[in-house]
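The numbers here are math on the coordinates, done by the rules we state, and not lab data. The structure presented is a predicted model; accordingly, all values stated were derived computationally and were not measured. All Cβ positions, even for glycine, are placed from backbone atoms using ideal geometry, and neighbour counts span all protein chains on display.
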């Protein structure tokens, strides 16, 4: 049994590292702690923690998993349960361990941390913060709050995943000011209530919701949710669902718990730093004598604590040293035997020396280790005993040697007991280059030992450490620069790969790390001096940090450089037309950068240099003929952009002369020739004016190839002609030519015009008449029918031009023979008296008017619709709302100067005509801004009252009438500031003299709208060079026109679709 106890003790101490630990203490805990430090420093605390203090925190976070400290890392907040009980006494919970620690591996509890800081031992204080962060982060491991131990034979899959695949993402969500005790409770409760570990997941979990996800193996998985969190993968069994884990679940756990680990750790750092500030303030308030007495009074406690820390540090070094020889359970027998065979003397000596240097705490440490070994065996972890029985003869031989070491311990302790009161300095660490020299200076007769762990070397002699060091190197001598490898500039770079040049003088044995982060997670040090570095992609000012270290110290150097990988562009913002009639030309150039060099050259002359801003203006007089301008810019990074423009100056005017003018029947034939000099720019068109009795009746534009004109007028006609070239030059008028036209045939007037009683409806009437033989001479013949609504007297004969004209598309074709003609006129108002008349145009001239037909449409009860309140033509309200739609406009409505707001979903309908004689089309005139901003789901609609698709049958005629293009007038904007966004305009355009939307001012926006079934298009009359109106992203469906700028206007027209 004694051998078994010693074997178990060795296996637990030297092979049990991380047997029940949480995240990997050398990877995950430092990673989380680094990001927590970054989060704290970014939260207005930049510079409050030095790089040395940061290393101490990370060291503490790593060392908290020292044997057997990791046994105290469990805490179930519901029942205050810890990992196990030994001899009836519970091992402390993680929360209790954070505030009370009795261990020979060192006291890093909260009270001791504050005491160390108060006594000036900042190294131990900041190491202690790292230990506390480690404990807090373990509260984010489900196994540690559900008391689920996980030795190497049964590892926790979640912790394995975090070690190999964890991503330490940037956390910038802030943190709360909390007490350390509250942090433990809050974090542990959150993890306990929402997550499970490998051995605590079972089918009793209440799944509240299920989701599915196709994973990378192309299979579909079902996952169970509780409290909104994924808790497990669900397999469907015969009787019930089975809860299991897979990598997706583990990844979700990490994504949910990692940010909280960082935030709670940052809260703990913040609490300690505030406490340190309070201690510093208290010290400032003490007098000199009070400070001196406090230092003297604390000396004994510092001595005792330093003694324990020495034992803890020595213990760690010893464990690491043995770990160097014994790397795994499978090879334990071979390496243990080899170590005992080749170095038995050193092992014995080092064990005795550790006891001598570690004071009386050594015995209690061995007792603690044996105590824990027994408790672990009692708790069911017997794997170590099984291993020990399989080690073979070599381990048995080693055990006997180790038994002798243990028997010598009381003797050594008794011999060294009197030396306990001496203050023991911390062991010094020697670089590996000093090891052999240190061994030579060691007197083996005094049981001197040299111990070489994996990273450090510790030398003891005669119970006290001997320090042999070379003088430390002065890293502050180092300087470096970063530069653009293309230009050598240390300020600007156009490439993300920059050069690095380090001046380190005679310094050697250095390690380097270059990064854009001042604090680097998972640093990848190299012994090769870097010559280049690749910057992150975004264009900005970059801060570059060069980390350099040797075995004694480190330093961080900082440089800045501006990255801009955008190539320069130079464009023409203003330039003359390709064919220009002016010898003066103006240019404006624009660039996406402010160039360091700008040059331009006209007609291959020498370049002229300018150093103006992003845009410049150049004016100059040029000769007639071909001209060229070349421009180039260079930016601060040495990149060049060029552009050029060619144009032709032509100041010659085209000249024409008539050669012939003849008349036959209805055709006038004209011939002319170009009598001017050779044109530099081509001819654009020919302008022909026709005069009847000195009155201009036609102005026509012909292409240069056309040589015939047709006219229907009689008597004496006169013509004049001139040309215009592409440069804009207009010539003088040619000599007038005369021609005689024959007398036209005048058609008979229609005398049997009458109403068709069978076609009399609420909104339409039928009319009939007879056609005569001379009604049609050629294809230009058509009927012209007009009408008006009247009350007492019909004046259609006297006011023919003011009458409402029946659309030509509705009229029948004129027949060349005697025939019966009929038409149904739609779009009339119910219960209204109308009078109609008709005439015919036979291709040459009109007939006289027909007889007048009087009739009245049928009556239909009017629908109760919202009529826009109007007084003196002006709308009286400033907001149209959806709940009162549809609005009905029955007249010419004006928007007052104060403007009007139309809410999404509003429908505005227009009747056809208004006025006493119903001679005017309804329209909307805006003398103030119209703010009509709809949405895709609720557009604002302007349409006809016949449109039953928009909020029903407003005119209450059932399906008797339906809207057509031109069912109502138009909208006219006479002021700035109107916005029509997500507007739907339908069946407009009765006003043939204007567009369905006429814009007479700038700074109006027409966008994201639909225009449908309209006879004409949009007209823009106002010119603006600074803030023109915008017509963008609109859709035109079945419209008779497009977008027509007039009078030199320059609206922005982009991304419009015509169907």
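For the pair residue 867/residue 539, report the inter-label distance in nm, with labels modelled 7 Å from Cα in the Cβ direction.
Placing both labels 7 Å along Cα→Cβ, they lie 6.2 nm apart.
What length, rounded to one decimal in nm, is gained on full extension from residue 883 through to residue 642, with 0.36 nm per residue of separation minus their alpha-carbon distance?
Values: separation 241, 0.36 × 241 = 86.76 nm, distance 5.94 nm.
Working it through step by step, the gained length comes to 80.8 nm.
Name the shape class, rounded, prolate or oblate, that the alpha-carbon gyration tensor gives for segment 984-1059, where a ≥ b ≥ c are the square roots of its eigenvalues, rounded holds for a/c under 1.5, and otherwise prolate holds if a/b is larger than b/c and oblate otherwise. Spell out each step's value before the answer.
Values: a/c = 2.21, a/b = 1.40, b/c = 1.58.
Note, shape of segment 984-1059 comes out oblate.
Provide the FRET efficiency to the nearest 0.05 for the residue 858-residue 773 pair, computing r from the beta carbons and using R0 = 30 Å.
0.25
By how many nm would the segment from residue 605 to residue 285 grow when fully extended, if each residue of separation counts as 0.36 nm and the alpha-carbon distance is taken off? Intermediate results must be reported in sequence, preceding the final value.
Values: separation 320, 0.36 × 320 = 115.20 nm, distance 8.01 nm.
So the chain would gain 107.2 nm between residue 605 and residue 285.
Note down, for segment 866-1058, the three equivalent ellipsoid semi-axes (square root of 5 times each alpha carbon gyration tensor eigenvalue), biggest first, whole angstrom. Before the final figure, lay out the partial values.
Details: eigenvalues 119, 65, 56 Å².
Calculated on Cα positions only, the semi-axes equal 24, 18, 17 Å.
What is the mean projected area of the alpha carbon convex hull for segment 475-563, to one decimal in square nanometres?
On the way: hull surface 23.2 nm².
Convex hull of Cα atoms, orientation-averaged projection: 5.8 nm².
Any chance you could run the full-extension gain for residue 476 through residue 813? It's 0.36 nm times the residue separation minus the Cα-Cα distance, nm to one decimal. Working shown, then result.
Values: separation 337, 0.36 × 337 = 121.32 nm, distance 10.16 nm.
Taking 0.36 nm per residue and subtracting the Cα distance, the gain is 111.2 nm.
What is the spread of the Cα atoms of segment 37-83 along each of their three principal axes, largest first, in whole Å?
40, 26, 10
Using Stokes-Einstein with the Kirkwood hydrodynamic radius over Cα pairs, what translational diffusion coefficient do you get for segment 754-856 at 20 °C and a viscosity of 1.002 mPa s, in µm²/s rounded to a whole number?
Values: Rh = 14.1 Å.
The diffusion coefficient I find is 152 µm²/s.
Rounded to the nearest 5, what is the percent of antiparallel bridges among the DSSP beta bridges in segment 899-979?
15
If neighbour count is taken as other Cβ atoms inside 10 Å, put 990, 55 in order from fewest to most. Write out the running numbers ahead of the final one.
On the way: 990 28, 55 15.
In order of increasing Cβ crowding within 10 Å: 55, 990.
Relative contact order for segment 754-856: what percent, with Cα pairs under 8 Å and sequence separation of 6 or more?
On the way: 216 pairs, mean separation 38.9, N = 103.
With pairs under 8 Å counted, the relative contact order is 38 percent.
Relative contact order (percent) for segment 863-978, with alpha-carbon contacts under 8 angstrom and 6 or more residues of separation? List each step's numbers first, then the result.
Details: 266 pairs, mean separation 29.6, N = 116.
Here the relative contact order equals 25 percent.
Please order 559, 95, 993 by the number of other Cβ within 10 Å, starting at the fewest. Walk me through the numbers on the way to the answer.
Values: 559 17, 95 22, 993 8.
Neighbour counts put them in this order, fewest first: 993, 559, 95.
Restricting to segment 866-1058, what percent of DSSP beta bridges are antiparallel, rounded to 5? Intermediate values should be presented prior to the final figure.
Details: 4 of 59 bridges.
DSSP beta bridges in segment 866-1058 are roughly 5 percent antiparallel.
Distance in nm between label sites at residue 1005 and residue 696, each 7 Å beyond Cα in the beta-carbon direction?
Taking the simple label geometry, residue 1005 and residue 696 are separated by 4.1 nm.
Please give, to one decimal in nm, the separation of the simple spin-label points placed at residue 100 and residue 78, each 7 Å out from Cα toward the Cβ.
2.6
Indicate, rounded to the nearest 5 percent, the antiparallel portion of the DSSP beta bridges found entirely in segment 570-649. Write out the running numbers ahead of the final one.
Details: 30 of 32 bridges.
Once the DSSP bridges in segment 570-649 are tallied, antiparallel ones form about 95 percent.
Which log10 I(q)/I(0) values does segment 838-911 give at q = 0.22, 0.28 Å⁻¹ under the Debye formula, counting every alpha carbon as one identical point scatterer?
Results for segment 838-911 at q = 0.22, 0.28 Å⁻¹ read -1.01, -1.33.
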